[in-house]
Amino acid sequence: MNFVIRRMFTFFLTLIFVVFLSFCAFRIIPGNPALAILGTEATPAQLEALNKKLGADKPLIEQFGSWMINVLHFDFGESLRFSEPVLSLIISRSSVTFSLAIIALIITVVTAIPLGMLAAKSKGKTMDFLISIITQIGLSVPSFWSGILLILIFGFTLNWFSAGGYVPWSKSPFLALRSLFLPSLAIAIPQIAIVVRYLRTTIIEQLNEDYVRTAYSKGLKESTIYFKHVLKNALIPVVTVVGMNFGEILAGSLVIEQVFTLPGFGSLLVSAIGSRDYPLIQGMVLIIAFLVALINLIVDLTYRWLDPKMELK
């Protein structure tokens, strides 16, 4: 219970720190935000009105206090470009990005665990060498380039999947999955390579532990030893790696969305940056940071569940 309390405290402390940073980041930038948004041809009256709308005419401490109160009430302000509440805009785009991240994570786990096990069992053999080459290629090729290759091969040449665009889940789950599979695969490829290499190493280390030799001496079946004991212990650090990589998966989805023209966080963030929509940028940074912190909390709790005897500090 103390472990859970400590992790929850760290989680909320991280959120408070992120809220503070996301607020300060756009206040310490030199220049007038209203001038940057409206341009040099804006009249003094227009600048004054926008400064008032942004709250920039108030003292810094008062601005932070007001913004903090609004955040606690899930009010991230109004987008300057779209004239809509920031939270509504983010929610409207969340299904695409979340779907990409979740499908990429599923592809990573489903593909990486069997390959990692196979590489460990065939250590030093041809299969291990081939998997090593494949993972090296996966680590070397950027996600956006993998996405372009997947579009050319499976989108245009074979026409197995959609080469771009998005079909909502509510319209057709099959077509939605078809439009999201290739971008999810492009995001998952480098993550698969990382997990395969890490899992291979940890399984080999576990096979050399004393408890494995003891299990063999007791006459346990190899499959029982491998799956019930070795794999379970090997997956404990892998869970941490997968959780830490979730942030990279989310960041990769922002880039891949541009390659596949998907209406998710990526296109929204690029649009917000291009139009200097500070409330929208600020809200998206906060939401993304919250998601990464939440995933790390879940990973910590899962880690503890897999190995209750481990003392994490």
Would you mind calculating the gained length between residue 290 and residue 175 on full extension (0.36 nm times residue separation, minus the Cα-Cα distance), in nm to one decimal? 38.4 nm
Which one of 225, 256, 187 has the biggest mean-square fluctuation once the chain is modelled by GNM with Cα springs under 10 Å? 225
Can you tell which of 257, 209, 248 shows the greatest fluctuation in a Gaussian network model of the chain with Cα springs below 10 Å? 209
Where a Cα-Cα gap under 18 Å defines reach, which aspartates and glutamates qualify for residue 232, not counting those fewer than 8 residues away within the same chain? 205, 209, 210, 222, 300, 307, 311
Difference of contour (0.36 nm per residue) and Cα-Cα distance, residue 126 to residue 157: 8.0 nm
Euclidean distance of C-alpha centroids, region 88-103 and region 117-151, integer Å: 29 Å
Residue 17 accessible area, assembled protein chains, probe 1.4 Å, Å²: 120 Å²
Span from the region 272-296 Cα centroid across to the region 212-231 one, whole angstrom: 47 Å
Options (i) 20; (ii) 44; (iii) 26 for percent of Cα pairs over 32 Å apart; the value derived from the coordinates is listed as (ii)
Using the beta-carbon distance between residue 270 and residue 8 and R0 = 30 Å, what value does 1/(1 + (r/R0)^6) give for FRET efficiency, to the nearest 0.05? 0.30
Between residue 208 and residue 298, what FRET efficiency follows from the Cβ-Cβ distance if R0 is 25 Å, with the result rounded to 0.05? 0.20
Which of 249, 204, 107 moves the most in a Gaussian network model of the chain with Cα springs under 10 Å? 204
Any chance you could get the radius of gyration and Dmax over the Cα atoms of region 148-226, in Å? 21.1, 58
Can you give the relative contact order of region 123-239 as a percent, counting alpha carbon pairs under 8 Å and 6+ residues apart? 25 percent
Helix runs (DSSP H) in the chain reaching 24 Å along axis by Cα, Kyte-Doolittle at least 0.5: 2-25, 86-121, 173-207, 231-259, 278-306
For residue 78, enumerate residues with amide H under 5 Å from its amide H, sequence gap 5+ or separate chain, H modeled in the peptide plane. 86
Quick one: which of 123/218; 123/228; 121/228 span more than 18 angstrom between C-alpha atoms? 123/218; 123/228
Averaging sequence separations of C-alpha pairs under 8 Å and six or more residues apart, then dividing by the length of the chain, give the relative contact order as a whole percent. 27 percent
For the peptides 71-78, 227-234, what is the packing order when you average, over each peptide's residues, the other Cβ atoms within 10 Å and list the highest mean first? 227-234, 71-78
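The values are calculated or read from the model by the stated rules, or taken from the named source; none is laboratory data. In this text, all values refer to a predicted model and were calculated from it rather than measured experimentally. Reconstructed Cβ throughout: ideal geometry from the backbone, glycine too, with neighbour counts over all protein chains shown. Surface areas here come from the heavy atoms of the whole protein model, side chains and all, with no ligands, DNA or RNA. Shrake-Rupley method; radii C 1.70, N 1.55, O 1.52, S 1.80 Å.
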